[in-house]
Amino acid sequence: MNILNASQIRNLDAHTIQNEPISSLDLMERASRAFVRWLCARFDNRRPLVFFCGKGNNGGDGLAIARILSAKGYGVTVYVVDYTEKSSDDFSKNLQRLQEHLTVHYIKEEKDLPKLTGEEILIDALLGSGLTRPAEGLLAATIETMNESPARVISVDIASGLYMDKVNGDDDAIVRPDYTVSFQLPKLAFMIPQNGPFAGDWLVVDIGLNETYIEKTKTPYFFTDKRSARKLIRDREKFSHKGTFGHALLLAGSFGKMGAAQLCGGACLRSGVGLLTLHVAGCGYEIIQIALPEAMCSVDIHEKMLTTLPDLNAYSAIGVGPGLGKEPQTLQMLENLIGEAKVPMVWDADALNLLSENPDLLKKLPEHTIITPHPKEFERLAGKSKDDYARLELARSFAGEHKLIVVLKGAHTSVIFPDGTVHFNATGNAGMATGGAGDVLTGILTSLLAQKYSPQDAARLGVYQHGIAGDRAAKARTKTAMIASDIVENMGW
Ligand SMILES: NC(=O)C1=CN([C@@H]2O[C@H](COP(=O)(O)OP(=O)(O)OC[C@H]3O[C@@H](n4cnc5c(N)ncnc54)[C@H](O)[C@@H]3O)[C@@H](O)[C@H]2O)[C@@H](O)CC1
Ligand SMILES: [K+]
């Protein structure tokens with residue numbers, strides 16, 4: 001799914017209005033009805049709804065939503081923040097329609113702000129995608145009132161005060177919603193870690209904007225949702241055999257960290273690979289043979305760490321890094337790996353830390369290798385960034401400069417291609433912020449590479465599948481109690 005910027009969304013609205021054709025007022029009505037469908041499915045009419053509306057089209061949505069919900073028997077109170085003389089046409093038309101049924105209250109100065117009990121549900125329709133500058137004065141005071149109330153807050157389209165596609169100032173007044181019900185497309189702002197409090201639990205409702213136009217609009221940003229992930233999956237042919245699905249090699253684990261090898265191996269096996277060999281330190285031999293009977297084991301000459309490579313000819317993909325440690329002999333093995341590997345690879349964890357300490361090695365990493373840093377590992381590799389938008393830009397240029405597939409891990413993990421394309425992931429949850437979850441991802445990605453998925457498809461699909469398994473694990477065990485092996489246990493699509 002494409003993620004468009006604010007001006008592209010404006011053009012998309014205009015295109016839909018002109019070509020469907022539909023009047024802008026009817027489009028607003030359609031958007032409002034989509035919002036209402038979501039709200040009614042979630043909340044019954046026992047709690048009072050308090051609307052805070054601006055005077056643009058976001059406010060117009062708020063007024064239309066209030067009218068529709070009031071007709072459905074919800075208790076509705078509407079405040080219009082009278083911060084400007086100007087208002088949009090569709091706002092004015094909806095104001096007129098609403099006033100036929102309901103008294104609208106105006107907030108002309110701060111003392112007009114209502115006292116909230118906390119029992120209400122607050123609807124934030126002050127500012128939407130039309131935001132051009134930080135919210136100030138009466139708007140900022142209204143935002144503060146919403147944020148200070150313990151009441152639930154639902155933002156229409158996007159939290160008021162949050163830019164859709166660029167960084168906000170540290171002191172900007174921005175609504176902190178519990179939910180954002182956004183129209184048609186996810187917004188770039190929702191993908192950015194520092195915006196977490198300003199997106200809440202966000203979701204997208206379909207308002208029938210022109211699909212062809214969306215597909216045609218050029219953007220570097222995409223969202224891997226269920227539909228786009230499904231398109232990447234290849235069926236297992238009836239006449240296939242284990243050779244069809246490749247032979248993966250994992251270089252993982254060291255003394256005290258054999259669990260990393262086990263998690264990564266388990267995940268690799270459960271993502272469809274034909275054969276798996278784990279190359280492990282001597283101390284890992286029995287552990288792996290017992291823990292993963294389906295895997296083969298190649299044993300290093302060193303008892304505690306990996307120092308040498310097995311013959312690489314047999315393998316169709318290689319994953320390296322989980323639990324490796326950073327000993328000089330292991331670094332030597334990585335240097336040899338770069339020289340000898342002729343198949344696609346995934347580099348993770350300590351393999352990345354060793355890379356960041358040896359920038360010359362980084363330059364030699366084969367093109368289209370997948371690297372899977374978490375933010376700290378990425379910082380060690382590429383340097384610090386002043387904010388999360390800047391980090392995303394740095395990751396795009398890093399991927400381009402080194403011709404790597406960068407999987408920047410976190411909520412909405414971003415998969416970044418050398419051409420600067422970014423695919424944000426839809427699945428996963430905070431329960432996955434637990435030791436070993438990254439090792440699981442490395443196993444999945446190596447398995448998909450071994451099955452001859454392109455590095456781009458493997459990265460997008462693997463990250464999606466990892467998140468789905470994490471979501472199932474959280475459902476089964478809760479986000480708090482789930483551990484990385486629960487992710488492996490819940491794999492499969
Ligand atoms: N255009 C369309 O066809 C549709 C628009 N929709 C709604 O329209 C919204 C966008 O509406 P608008 O473009 O009217 O913009 P907004 O309603 O977001 O903002 C209204 C106006 O306020 C001004 N403004 C910007 N930042 C401000 C600030 N910090 N303080 C004070 N004033 C500020 C701008 O002139 C802006 O146009 C979307 O978020 C969505 O909710 C939906 O109804 C769906 C259809
Ligand atoms: K809003």
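The values are calculated or read from the model by the stated rules, or taken from the named source; none is laboratory data. From a predicted model like this one, the values you see are computed outputs, not experimental measurements. As a convention, Cβ positions derive from the backbone with ideal geometry for all residues, glycine included, and neighbour counts pool all protein chains shown. Heavy atoms of the whole protein, side chains included, go into the accessibility calculation; ligands, DNA and RNA do not. Shrake-Rupley method; radii C 1.70, N 1.55, O 1.52, S 1.80 Å.
The table for this structure:
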| item | result |
| --- | --- |
| Chain lengthening between LYS111 and LYS376 when straightened (0.36 nm per residue, less Cα-Cα) | 90.8 nm |
| Amide H contacts of ILE107 (H built 1.01 Å from N, under 5 Å, at least 5 apart or other chain) | VAL80, VAL81, ASP82 |
| Angle between the chain longest axis and helix 328-340 axis [Cα atoms, degrees, rounded to 10] | 90 degrees |
| Cα-projected label distance for LYS72 with LYS386, points at 7 Å along beta-carbon direction, nm | 4.4 nm |
| Accessible area (Å², 1.4 Å probe, nearest 10) - LYS452 | 140 Å² |
| Charge dipole magnitude, Cβ of K and R +1, D and E -1 - segment 230-489, Cα centre, debye nearest 20 | 800 debye |
| About the Cα centre, charge dipole magnitude for the chain (Lys/Arg +1, Asp/Glu -1 at Cβ), debye | 980 debye |
| Residue-averaged [θ]222 nm for the chain, counting only DSSP H segments that reach four residues, each worth -39500 (n - 2.57) | -12500 deg cm²/dmol |
| Loop-located GluC sites (Glu not before Pro) in segment 283-318 whose Cβ has at most 16 other Cβ within 10 Å (DSSP) | GLU294, GLU303 |
| For a label point 7 Å along the Cα-to-beta-carbon line of GLU393, residues of segment 3-44 with backbone N under 14 Å | none |
| Segment GLN194-ASP170, length gained on full extension (0.36 nm per residue, minus Cα span) | 7.6 nm |
| Difference of contour (0.36 nm per residue) and Cα-Cα distance, ASP201 to ASP235 | 8.9 nm |
| DSSP-assigned coil residues among GluC sites (Glu not before Pro) in segment 23-128, each with at most 13 further Cβ atoms within 10 Å | GLU85, GLU100, GLU109, GLU119 |
| Out-of-range pairs (alpha-carbon distance over 25 Å; input LYS187/LYS452; LYS226/LYS452; LYS218/LYS403) | LYS187/LYS452 |
| Kirkwood-Stokes translational diffusion coefficient of the chain, alpha-carbon pairs, 10 °C, 1.306 mPa s, µm²/s | 65 µm²/s |
| Estimated FRET transfer efficiency when R0 is 22 angstrom, pair SER23-GLN99 (beta carbons, to 0.05) | 0.60 |
| ³J(HN,Hα), Karplus 6.51/-1.76/1.60, whole Hz, each residue of segment 344-357, x for Gly, Pro | x, 9, 10, 10, 9, 6, 4, 4, 6, 4, 5, 4, 5, 7 |
| Calculated over segment 6-218: convex hull of Cα atoms, volume per residue (Å³) | 116 Å³ |
| Under the Karplus curve 6.51 cos²θ - 1.76 cosθ + 1.60, θ = phi - 60°, whole-Hz ³J(HN,Hα) for segment 176-185, x wherever Gly or Pro sits | 10, x, 7, 9, 10, 9, 9, 8, 6, 10 |
| Charge dipole magnitude, Cβ of K and R +1, D and E -1 - segment 6-218, Cα centre, debye nearest 20 | 420 debye |
| Neighbourhood net charge (13 Å Cβ-Cβ; Lys/Arg +1, Asp/Glu -1) for THR84 | +1 |
| Interchain or long-range residues, amide H under 5 Å from THR224's placed H | PHE424, ASN425, ALA426 |
| Inter-site label distance for ALA14 and ASP311 at 7 Å from Cα along Cβ, in nm | 6.6 nm |
| Karplus-derived 3J(HN,Hα), 6.51/-1.76/1.60, for each residue of segment 90-101, Hz, glycine and proline x | 6, 4, 4, 5, 6, 5, 4, 5, 5, 5, 5, 10 |
| Rounded if a/c under 1.5, otherwise prolate or oblate - segment 230-489, Cα gyration tensor axes | rounded |
| Global form of segment 139-182, assessed from the alpha-carbon gyration tensor, a/c cut-off 1.5 | oblate |
